[in-house]
Ligand SMILES: Cc1cc2nc3c(=O)[nH]c(=O)nc-3n(C[C@H](O)[C@H](O)[C@H](O)COP(=O)(O)OP(=O)(O)OC[C@H]3O[C@@H](n4cnc5c(N)ncnc54)[C@H](O)[C@@H]3O)c2cc1C
């Protein structure tokens, strides 16, 4: 089998990997490997995570995708309302943000557009790529892609495989994890959701005794409802039933006013949502971006911005490394450490509010961690 040379191999074509490929492929030979076609297919449940802050504009412009982004029908974010530190709702108007209110994304469209932009920039995309075989040979990375029976070699390998950090795991790198968190989520179809609150565009967040809720109307009118709780909570199994999940949500006045009553059985999805971060390593030419570098507790609403920001920071470092700068990778990792330290401080402070209200282990352990 002939080994094909390239400059950068990126594993994972989610928001981080596709952005990095778009940024690098204009000047370098980039191979982008993705295990699945887009969500909504039978291969994976609908992707969750749709809030993008206004600060992303500059990065989208820098990646050359802003016009495409504006044409994709994402919806400007409305106000946020939360019952977090206190029972009384607190409103925050996003339009006061100097960087703009941000968006609720059509998530599939967002990822599709970035993959398209990467292709147009010259990246080679293989999806589905199958189970990759990875090895380090003579200072270069080699990846065998079973789906197309081809082997590729590059000086730079990027893990953009999301919070699973598949490559880092294969390479035996360490990841430090925060408290586990499970997200149970469902989508109420627009036909049901708009009957109760036809024009509600608010992001609704509330602390529950042993977890927290998030609900928002998605572009297109479906309503997302998500509960985050400890995976060891005995209620988890019961709440996988949509009727039970909706009944518990209705105990929150902030949610009850926008939730329709329905006897329809809706699929409830479960996903891991706890934060974690890849530890420092000294594998030359190996980068992790997006969730594979640091995955945030969703309360931070920071993951999609971080995907773009790490794609940009890694692109600069990789270009310097390909030009022989020895310290580029170290600088990149040092930046990640700073981001992680700041996030940890905010995370503790955020959980401290409800900890004072509920004095439950779910809140207390997170406020002290
Ligand atoms: C419950 C929840 C709510 C969230 N809400 C928000 C929010 O409102 N706002 C926000 O900014 N962020 C939110 N996030 C986080 C956000 O979704 C992620 O930060 C973002 O998706 C990270 O992008 P990524 O490209 O790093 O990883 P991912 O989106 O996970 O993409 C990784 C890609 O790699 C592919 N892949 C995985 N393994 C392999 C493999 N072995 N071979 C090839 N390809 C592979 C996957 O198929 C996928 O396409 C939320 C997260 C959760 C869990």
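Every number here is computed from the coordinates shown, using simple stated rules; none is lab data. Remember, it's a predicted structure, so these values are computed and weren't measured experimentally. Note that each Cβ is placed from the backbone with ideal geometry, even for glycine, and that neighbours are counted across all protein chains shown.
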**Message:** Please rank 110, 66, fewest neighbouring Cβ atoms within 10 Å first, as an exposure proxy.
**Reply:** 66, 110
**Complete:** proj_area_mean for the chain (convex hull on C-alpha atoms), units nm², value 18.3
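Calculate for the chain the 222 nm mean residue ellipticity that helices alone would give, adding -39,500 (n - 2.57) per DSSP H run of length 4 or more and normalising by residue count, nearest 500 deg cm²/dmol.
-10000 deg cm²/dmol
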**Message:** Rounding to the nearest 10 and keeping the result within 0 to 90°, find how far the Cα-based axis of helix 107-121 lies from the longest principal axis of the chain.
**Reply:** 20
**Request:** For the chain, with a Gaussian network of springs between Cα atoms less than 10 Å apart, report the residue from 341, 329, 75 with the top mean-square fluctuation.
**Result:** 341
**Request:** Find the relative contact order for the range 43-141 and round it to a whole percent, using C-alpha pairs within less than 8 Å whose residues are 6+ positions apart.
**Result:** 31
**Request:** Give me the percent of DSSP beta bridges within the chain that run antiparallel, rounded to the nearest 5.
**Result:** 65
**Complete:** Between residue 262 and residue 91, the two model label points (7 Å from Cα along the beta-carbon direction) sit apart by a distance in nm of 2.8
**Request:** With a point put 7 Å past each Cα toward its Cβ, work out how far residue 352 is from residue 272 in nm, to one decimal.
**Result:** 2.9
**Message:** Sequence gap at least 6, Cα distance under 8 Å: using those rules, report the relative contact order of the range 182-272 to the nearest whole percent.
**Reply:** 40
**Asked** Contour minus end-to-end for residue 364 and residue 37, with contour as 0.36 nm per residue of separation and end-to-end as the Cα-Cα distance?
**Response** 113.7 nm
**Prompt:** What length, rounded to one decimal in nm, is gained on full extension from residue 58 through to residue 201, with 0.36 nm per residue of separation minus their alpha-carbon distance?
**Reply:** 49.1 nm
**Fill in**
The alpha-carbon center of the range 299-339 and that of the range 140-172 are separated, in whole Å, by 18
**Message:** Taking the number of other C-beta atoms within 10 Å as the exposure measure, put 152, 95 in order starting with the fewest.
**Reply:** 95, 152
**Angle between the chain longest axis and helix 328-358 axis [Cα atoms, degrees, rounded to 10]** = 10
**Asked** If you average the sequence gap of Cα pairs under 8 Å that are 6 or more apart and divide by the length of the chain, what percent do you get for the contact order?
**Response** 20
**Complete:** Rounded to the nearest 10 degrees, the helix 303-322 long axis (Cα) sits at an angle to the longest Cα principal axis of the chain of 10
